[in-house]
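So the structure is just underneath, and the comments pick up after that.
The values are calculated or read from the model by the stated rules, or taken from the named source; none is laboratory data. Computed from a predicted model, the values in this text were never measured in an experiment. All Cβ positions, even for glycine, are placed from backbone atoms using ideal geometry, and neighbour counts span all protein chains on display.
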Amino acid sequence: MSAQLVWIAIAIAIVVIVVVAAAALWRWRQHRSAQLRARFGPEYDRTVQRTGAVSKAEAALEARARRVDRLHITPLSSEDAARFSDAWRGIQSRFVDDPKGAVIEADRAIGDVMRARGYPVADFERRVEDISVDHPTVVMNYRAARDIVEEHERGRASTEDLRQAMVHYRALFHELLEVTPAPQADVHEPVEASRGRA
């Protein structure tokens, strides 16, 4: 076999190896993307949009998951879950007379439950990122509720908006408790009663 044929065979082997490696890398990236999309739900798309690149978003989401994995997130004891549930019912009942106060208390209650479970609660954006790892379906509720509270502080949110914030907080609260809530009356009825008095 001539030297030229040997070099051609080596070149073909290198091309085949590169093509196979590229195909394996592509399949791995597709699999990783599918796993991250399934784990983070709408948070995946939001992070891609915010970072402007799939690779940056996926790296950020993986870093977020690694950070949360290092935390010692624990379920609540049944006693703590009952105590937080009782406190939540009190907050909801105060909504009729003091919607803004109840929404602020709801936000505090979310922080208290997070703290009891082992989440760091210093910074809102970090809280949202941490929650998104294990509770991706309700993290958007947390952002929406916080947005409504900020709009209310600027004088641009109605009582109906505050009711919606309570609904968002309630979904997140029950998800963080990791218990199935008993059916409740919607917060909507007390809002109507409150409006009737105004």
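Tell me, which residue of region 88-135 that is in contact with an Asp or Glu (Cβ under 8 Å, 6 or more places away or on another chain) and under 19 Å from residue 162 (Cα atoms) is surrounded by the fewest Cβ atoms within 10 Å (Cβ to Cβ)? So, considering only residues that are in contact with an Asp or Glu (Cβ under 8 Å, 6 or more places away or on another chain) and under 19 Å from residue 162 (Cα atoms), the one surrounded by the fewest Cβ atoms within 10 Å (Cβ to Cβ) is 94. Those residues that are assigned to a helix (DSSP H, G or I) and in contact (Cβ under 8 Å) with a residue 40 or more places away in the chain, I need them from region 1-43; list them, please. Residues satisfying the conditions are 39, 40, 42, 43. Give me the residue from region 77-87 that is under 25 Å from the mean Cα position of the chain (by Cα) and not small (Gly, Ala, Ser) and, out of that set, surrounded by the fewest Cβ atoms within 10 Å (Cβ to Cβ). Applying the filter and picking the extreme gives 86. Is it true that residue 96 is in contact with a Ser or Thr (Cβ under 8 Å, 6 or more places away or on another chain), under 29 Å from residue 157 (Cβ atoms) and in the same structural domain as residue 168 (by TED's automatic domain parsing)? Answer is yes for this residue. Residues of region 88-133 that are part of a loop (DSSP other than H, G, I, E, B), free of Cβ contacts under 8 Å to residues at least 12 places away in the same chain and within 17 Å of the chain's Cα centre (by Cα): 121, 122, 123.
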